[in-house]
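Report on the structure given below.
The values are calculated or read from the model by the stated rules, or taken from the named source; none is laboratory data. The structure displayed is predicted, hence computed values, not measured ones. Because the Cβ atoms are built from the backbone with ideal geometry, glycine has one as well, and the counts that use them run over all protein chains shown. With ligands, DNA and RNA removed, areas are computed over all heavy atoms of the protein, side chains included. Shrake-Rupley method; radii C 1.70, N 1.55, O 1.52, S 1.80 Å.
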Amino acid sequence: MQLHISPSMRHVTVLTGKGVRDFIKVKVASRRLSYRMVFYSLLFAMFLLRFVFVLTAMDTIEDQYECSSLGCVGKRLGPRLWRRQLESSIPEEIYQILEEAKIDELSPQGWDVPQTLDEFIAEMKSNNRSDAKTFALRLKAMISLLEQKTRTAKIQEYLYRHVASTSIPKPLHCLSLRLAHEHSTNAGARLQLPEAERVPALVNPTLRHFVLASDNVLAAAVVAASLVANALSPESVVLHVITDRKTFAPMQAWFSLHPLGPAVVEVKGLHHFDWFARGKVPVMEAMEKDRAARSQFRGGSSAIVANVGEKPVVVAAKLQALSPKYQSVMNHIRIHLPELFPSLDKIVFLDDDVVIQADLSPLFEIDLQGKVNGAVQTCRGADKFVMSKKFKSYLNFSHPLIAENFDPNECAWAYGMNIFDLDAWRRTNISETYHYWLQKNLKSDLSLWQLGTLPPGLIAFHGHVHVIDPYWHMLGLGYQENTTVSDVQKAAVIHFNGRAKPWLDIAFPQLRPLWTKYLNFSDKFLRACNIRA
């Protein structure tokens, strides 16, 4: 191919390279360049050369030279404009030192570990300690010290909460004593509950039957008051309060002197149940062995706290395993509900650390589809901190007996507000399964699980649970305060599960009013025991 350009720049001729006279003529119009165009072209070229010079110069400047403001801008913007990949500004040497440094290297002789970031910066600015190795070693020493202090503080917090939650507060102890005294001296505190003409309601299956097992008078008072206050038809509510022998007199005195009509309230001690008093009860036998085993559990709380190799959350779980609540018969008695209430076919069971905020009668209309237990799942929900519990959260899947029988990723469910179909329950072996696994856990040195009644409950009710809407049961208000008050107010039942019970000083202050609103603090018993909002 040949290219011919005329001297006048008006014609361009293109000829093929094979001698053929086929050609293309392009006529170019004459164009006069203005001085303004030449000026702007030169100005743009000068700017471009300046910018390229800055970019190339910065790549060759050594690290010890400080860059000018324009040079720094070029170094930051250059890689983006030219689409070059930014290189790491942290040398590999620092990463290697942080990973491989030994404890004795972190604090050389005569050097104190920096306590704060300001101390660390001041030390690094000194002339004789500015190399990369010293920087990495001193940084790791400071972070290690802060991690150790944080762990110690967290474990101390868990220990103090453990002591606070396992001790009986003086006001609650005072309330029980005063009510017991009232029961012995005041005939009005010994009234039959319920009155004789309303006794048939206790076995009437057309009414709404609720069961509350508790040895805490104040907590039971709030559950009962909130249940009746929010019932649309309180005359259809029957509340069965179960307690132990020592709390029966105070409990009866409270509900005798604080009637909740037109609802029906029954107070019974375990010793009043013929079935329970007749002979040996499997759960009681298991509890005695469990109590003996836990009394020596890893040397008690002091030995748990002294173990420096465990994470604070593990220490907290082991401390919680020592809580008297998990050794209380009130916590285990729910597994015998079919025997305790042989005339009833459906009940709603309530823990004593819940507050009812809505009418619960629709619960009795839920079709459990042949299942025994209607419960809220705890692995699905907007609050990932609370609603993230699966079987692996409660059972020890490193033990072959657990690993062979259950799925670690199966969704767990909650105790605290449960609908139980007692007729369907009586056709199963749920109670026997519960006792069987309690014995297995004892023989395994408490290694199948560590906490309370929910783990054996997950096992015993496996395959017998019907999932209900989360609206009916909100959890976690006793161990976290991330849930907003506005969200809490939308739930039918709120549950203060965890250590921060609302009747304790360690309760979360913004959540406690949801519980205290159902107490009359002008009551003479509450005032006498200095129980205040």
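Cβ separations smaller than 6 Å between residues 6+ apart or across chains give the following pairs from region 476-492 residues that are closer than 17 Å to D505 by Cα to residues that are among the small types (G, A, S): G478/G498; G478/A500; Y479/G498.
Just a yes or no: is a residue in region 208-216 open to solvent by less than 30 Å² (accessible area, probe 1.4 Å), over 33 Å from the mean Cα position of the chain (by Cα) and at pLDDT 95 or above? Scanning region 208-216, I find no residue that is open to solvent by less than 30 Å² (accessible area, probe 1.4 Å), over 33 Å from the mean Cα position of the chain (by Cα) and at pLDDT 95 or above, so the answer is no. Scanning region 136-178 for residues being among the polar types (S, T, N, Q), open to solvent by less than 80 Å² (accessible area, probe 1.4 Å) and at pLDDT 75 or above gives a total of 3. Taking region 404-509 as the region of interest, the strands (runs of 3 or more DSSP E) fully inside it that hold 3 or more residues being under 14 Å from N373 (Cα atoms), open to solvent by 30 Å² or more (accessible area, probe 1.4 Å) and out of contact with any helix residue (DSSP H, G or I) (no Cβ under 8 Å at 6 or more places or on another chain) are 465-467. Selection over region 223-248 of residues that are in contact with a Lys or Arg (Cβ under 9 Å, 6 or more places away or on another chain), of a type in the set (A, V, I, L, M, F, W, C) and not in a strand (DSSP E or B) gives a count of 2. A count restricted to region 107-123 and to residues that are at pLDDT 75 or above and either of a type in the set (A, V, I, L, M, F, W, C) or not in a loop (DSSP other than H, G, I, E, B) (or both) stands at 8.
Residues considered: R190, R208, R198. Of these, the only one that is touching a strand residue (DSSP E or B) at 6+ places or on another chain (Cβ under 6 Å), farther than 22 Å from D352 by Cα and assigned by the TED database to the domain that holds A491 is R198.
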